[in-house]
Structures are given as structure tokens and as C-alpha cells.
Amino acid sequence: MVRLPLTPAEVERGQRLGALLRRARGERSMLGTALDAGVSPETLRKIESGRVATPAFPTIAAIADVLGLSLDAVWAEINQTGRRCRSREVWSQRR
């Protein structure tokens, strides 16, 4: 299977997703968060760093659940283009 290159918008959205998850994780360990979500720490690290810009939906759903984020809030945050990011508002709603 040949994977098409990501568009700049997809790369940017992946970076916003990674930043949101990093902030939401806060002081929690990456290892604990990953294991609680049922993903490898390497997968979580790659998502948080933006290296995996388009992770699978079940992966994001599991991580969001562990971090107490609603999928609606995650989508609203990462789908912004040229608007002020609301990351702190999004993840602090569930804390």
C-alpha cells in the first residue's frame, strides 16, 4: 500500500493533537498513560511529537478517555485553522 504524503493541514492538525495530548497528560507519566490506554509508549510519544499526524481513531479515543477528554472537545481543538487555540479550556473542562 502506498501512502500519500500528508497535506500541510494534516501535519498541522497532527501537531495540534500532539500538543493537546501532552498538555492534557500534564504530570502523568507517558508509560502509565500509554498502558492505561492500551497503546505502546512509543505510539503515544510519536503522536505527542507530531510524528504520527493521523493516528487511528480507536487509538485517539482510548488516549482521550484515559486523559478525561471528550472526543468532541479533541476534534474542536485540532480542527481549528487560524483561530486562537483553546487547549487549556478543552482539557481543563474535564479535570
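Computed in the context of the full set of protein chains, the accessible area of the stretch 3-50 at 1.4 Å probe radius has 56% of its extent on carbon or sulfur. Taking 0.36 nm per residue of separation and subtracting the current Cα-Cα distance, fully stretching the chain between Val2 and Met30 would add 7.0 nm. Our summary gives the stretch 1-82 a relative contact order of 39 percent, counting only alpha carbon pairs under 8 angstrom and 6 or more residues apart.
About its Cα centre, the dipole of the stretch 1-88 is roughly 340 debye, where the only charges are +1 on Lys and Arg Cβ and -1 on Asp and Glu Cβ. Phi angles across the stretch 4-14 convert, under the Karplus curve 6.51 cos²θ - 1.76 cosθ + 1.60 with θ = phi - 60°, into 3J(HN,Hα) values of 5, x, 6, 6, x, 5, 5, 4, 5, 5, x Hz, Gly and Pro given as x.
The values are calculated or read from the model by the stated rules, or taken from the named source; none is laboratory data. What you see is a predicted model, and the numbers here were worked out from it, not measured in a lab. Ideal geometry is used to build each Cβ from the backbone, glycine not excepted, and the neighbour counts take in all protein chains shown. Side chains are part of the model used for accessible areas, which takes the heavy atoms of the whole protein and leaves out ligands, DNA and RNA. Shrake-Rupley method; radii C 1.70, N 1.55, O 1.52, S 1.80 Å.
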